[in-house]
1. 222 nm [θ] for the chain, helices only, -39500 (n - 2.57) per DSSP H run of 4+, per residue, to 500?
2. Taking 0.36 nm per residue of separation and subtracting the Cα-Cα distance, what length does fully extending Ser21 through Gln85 add?
3. As a footprinting exposure proxy, order Asp13, Asp28 by other Cβ within 10 Å, with the fewest listed first.
4. Just for the Cα atoms in the chain, what are the lengths along the principal axes, largest first, rounded to whole Å?
5. What residue among Leu62, Leu25, Pro14 has its Cα farthest toward the positive end of the dipole of the chain, where the charges are +1 on Lys, Arg and -1 on Asp, Glu, each on the Cβ?
6. Roughly how compact is the range 29-86, stated as its Cα Rg over 2.2 N^0.38 Å to two decimals?
Amino acid sequence: MFEWQAKLSVGHDPLDQEHQSLLKLMVDFKSKLPESTEAIYQALLELVVASQSHFFHEEELLESLSYGNLQAHKRIHRNLLAKLQDYLKLIKSEDSRELRTEILYFLEAWWMGHIKNVDRRYAPVFS
């Protein structure tokens, strides 16, 4: 599920390391599924904060390299952060097993798809 594979590499070690750290936070979120609302909230909040930091670093780096698709990439990041903020609110207001499962599936689909299909598009700028 949230497992790092060499084919996910974008060719830039610091970004690859951040991606690996984010995947570890998703594993942590998954491990908290049976725990309290507060535990699940804190795990997701940690992922949100780490994602914000990663997106900032990634966007700054891509801007410095004049990456042509940067504005679209930024919009994708903002949309994810908005969705995660919505999930944080929902956890506080109406936590349920179904919601936790929905978040888990969303994270898996979004992050793995994003790294494989969106972030890998900028890999050539590091060659």
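1. Helix-only estimate at 222 nm: -24500 deg cm²/dmol.
2. Full extension of this stretch gives 21.1 nm more.
3. Asp13, Asp28
4. Its Cα atoms span 45, 27, 19 Å along the three principal axes.
5. Leu62
6. 1.39
Only the coordinates and a few stated rules stand behind these numbers; no lab work does. Here the structure is a predicted model, which is why all the values come from computation and not from measurement. Glycine also receives a Cβ, built like all others from the backbone with ideal geometry; neighbour counts cover every protein chain displayed.
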